[in-house]
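Only one structure is covered here, and it is reproduced in the block below.
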Amino acid sequence: MRQVRLTPRRLAVALATLAVVLAVACGVALAFGSERVPLGGIVAAMWARVTGGPSPLSAEHTAIVFDVRLPRLALALVVGASLSVAGSAFQALLRNPLAEPYILGVSGGAALGAVLSAVVFAAAATGRTMSAFVGALATIAVVYAIGEGREGAPTERLILAGVIVNAFLSSAIIFLMTLTSESGLRGIYSWLIGDLSGSSEALWPIALIALVGATAIFLCARSLNLLMLGERDARALGVQTRAVKVIVYVAASMITAASVAVSGMIGFVGLVIPHAVRLVVGSDNRLVVPASALVGAAFLALGDTLSRTLFAPREIHIGVVTALIGAPVFVYLLRRSW
Amino acid sequence: MSTHSFRRLFHFLLCAACALTLACAQSAPPAAPATSATREVVDDLGRHVQVAARPERIVSLAPNITEILFAIGAGDRIVATTSFCTFPPEAANTTKIGDTQRPDVERILALKPDLVLVSTASQLESISERLGALGVPTVVTTAKGVDGVLTSIERIGVATGDAQAATALAAKLRERIEAVRSAVAGKPAPKVFAIVGNEPLFTTGKGTFLDDLIRLAGGASITADETNEWPQYSAEAVIARAPDFMVVPSVTHGFAATDSGVPASIAATPAVRNNRIIRIDGDLLMRPGPRLVDGLEQLARALHPEAFR
């Protein structure tokens, strides 16, 4: 991996470039969909919203852009950024390239919570989001309790605990699904693959959790750099390893839990985006964490645009799109770097 | 372990295997139904099945078949149904042999049925083949479209020995369908969007009973051009196609339920603006049994109230 010293200038240039990429991705996501809405009309309508002037778009087109595409784009941005930041945090914290936001059982816990609420209580969207979040938090606590040894929680024990808990939870989910009627199964299935078309009423609380969690991880970025050298070295260099590990573990798990609760389990983003970012900008977490947020948000915005347009007016699952596109792109980056 | 104890273990296992085989052989059902008089029935897949003249122990593996059996007066000869068979209420008194996806073959055999009725909608090819191979008369029904359901009723009547009652029922249902058809004939067809699941948004494509019912009730489904039976559908396409009515089958539960049943993303449509949301029991719209015609009448009345004054 390239080791270039990170100067404030380099940080600013890299993030500004990625911000432009993200802005373009947002533009594309708003401009394309199953229906054709003229691009000039969208821009004018947005300007009209800001200035309070008359909108040139018809009522239908206004609803399509502002009530359908915009909330969905916002959800994609929050979820994409959250999963990528969580992935970069877990990979640094666990010093394991295969670490991803779901490895510590967060997804399984959220899924079990969601499926329970749907199967047992026939809960509506809000209840489902809440119980998914509670399920994820409970799992995080259980995994940490299992993984904790005399010396805090060694990373291998945490990963093992996560894998075991995940296996247990997915069996529980399959069991609950056998008790579900066909119409209920379709919703659960979509949710297990990941879906952004759902209700966006939980957007603000989720965005708030993502912002707080990502900020906490970003503030630990320098300590994470040192932790990647090895725990003992980091301690010798004055890093409060225990505190950093707990903060990063809790923050990354919380933002994963929040994302899974609203969008289901969108795979691949959290694993691949941080790696891709590292291949391009180097491995300094002070840059990797914010860059992953921007790239992850842009990636999911574009991926969702494809899932809405490829077979329009049918929609395909976002999880399918992220893996189908993410895997080849990642292979390309990997081959190029060697 | 010594050679001696090895041999003892081997003997033990051998004896156990023999005992098990014998036990299985004894509990196996008779290869052919005990009734003397059988006749040949052709099912919806074109298979020729030997069935007793008047089967007395009927197993139904689908809710629509259970409804049909009760409607043609064969309900008291049912020995078992699935856990999804909820109508009529008497169906609750029958033995349950699992749900439509995973029926318990052993329990079916133990009930010694002389007729098992399977619907292809349940995708039970392997189970119906196994039952057939074990000598249990197994008749498969597959209905396409509302007219197909009427044919299916008549065929089930032939299989159970209630041909007369079944033909009479089918004729009556056909009459009611005709009445709806003539009442809505020539009326302009309002645009209809069916919400089969609302999170994510699922609707009906062409070829489903729901699609057929919307057309027969004098409506025009805005998703009738979809080749997939139950496509996940774009909210903006719904807004752009501006449906006049929304049909919400009321069993959409689990993940799919907001208070109104209509997601906020498709609120900008004439149907929601004018509060033209039609809620009908989903079983009446998607279960290919006699009550499909009840669903048709309710739908037609909601779409064309003036035609039924």
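The values are calculated or read from the model by the stated rules, or taken from the named source; none is laboratory data. Since the structure is predicted, the reported quantities are computational estimates derived from the model, not experimental observations. Backbone-built Cβ (ideal geometry, glycine too); neighbour counts: all protein chains shown.
For this structure, a couple of remarks:
- Listed by position, the helices (runs of 4 or more DSSP H) inside the range B:50-159 whose residues that are more than 28 Å from B:E297 (Cα to Cα) number at least 2 are B:105-110, B:125-133.
- Annotation: B:D162 fulfils all but one of (1) under 18 Å from the mean Cα position of the chain (by Cα); (2) under 25 Å from B:A37 (Cβ atoms); the unmet one is (1).
- Flag for B:P89 being surrounded by 21 or more Cβ atoms within 10 Å (Cβ to Cβ) and either at pLDDT 80 or above or touching a His at 6+ places or on another chain (Cβ under 8 Å) (or both): no
- When the range B:122-147 is filtered for residues that are among the small types (G, A, S) and more than 13 Å from B:L45 (Cβ to Cβ), the ones remaining, listed by number, are B:S122, B:S126, B:A133, B:G135, B:G145.
- Complete set of residues in the range A:304-335 that are away from chain B (no Cβ under 14 Å) and either in contact (Cβ under 8 Å) with a residue 24 or more places away in the chain or β-branched (V, I, T) (or both): A:T322, A:A323, A:I325, A:G326, A:A327, A:V329, A:F330, A:V331, A:L333, A:L334
Conditions tested, residue by residue: (1) over 30 Å from A:R308 (Cβ atoms); (2) out of contact with any helix residue (DSSP H, G or I) (no Cβ under 7 Å at 6 or more places or on another chain); (3) buried (at least 23 other Cβ atoms within 10 Å of the Cβ); (4) outside the structural domain of B:G73 (by TED's automatic domain parsing).
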position: B:G145; (1), (2), (3), (4): yes, no, no, no
position: B:G148; (1), (2), (3), (4): yes, yes, no, no
position: B:E154; (1), (2), (3), (4): yes, no, no, no
position: B:Q164; (1), (2), (3), (4): yes, yes, no, no
position: B:A168; (1), (2), (3), (4): yes, yes, no, no
position: B:R181; (1), (2), (3), (4): yes, no, no, yes
position: B:N198; (1), (2), (3), (4): no, yes, yes, yes
position: B:T203; (1), (2), (3), (4): no, yes, yes, yes
position: B:A217; (1), (2), (3), (4): yes, no, yes, yes
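- A:G267 part of a loop (DSSP other than H, G, I, E, B), buried (at least 19 other Cβ atoms within 10 Å of the Cβ) and away from chain B (no Cβ under 14 Å): yes
- The range B:182-239, residues that are closer than 24 Å to A:F32 by Cα, in contact (Cβ under 8 Å) with a residue 60 or more places away in the chain and acidic (D, E): B:E199
- Looking only at the range A:66-79, and only at residues there that are within 12 Å of chain B (Cβ to nearest Cβ) and buried (at least 23 other Cβ atoms within 10 Å of the Cβ), the one that is farthest from the chain's Cα centre (by Cα): A:V68
- Identification of helices (runs of 4 or more DSSP H) wholly contained in the range A:1-108 with 3 or more residues that are closer than 19 Å to A:R278 by Cβ yields A:8-31, A:70-93.
- Residue match in the range B:234-246 (condition: assigned to a loop (DSSP other than H, G, I, E, B) and facing another protein chain (nearest Cβ under 9 Å)): yes
- Counted residues, the range B:247-284 - those being at the interface with chain A (Cβ under 10 Å from one of its Cβ atoms), at pLDDT below 90 and within 12 Å of B:F193 (Cα to Cα): 2
- From the options A:R157, A:R128, residue that is basic (K, R), closer than 30 Å to A:L306 by Cα and either touching a helix residue (DSSP H, G or I) at 6+ places or on another chain (Cβ under 8 Å) or modelled with pLDDT of 75 or more (or both): A:R128
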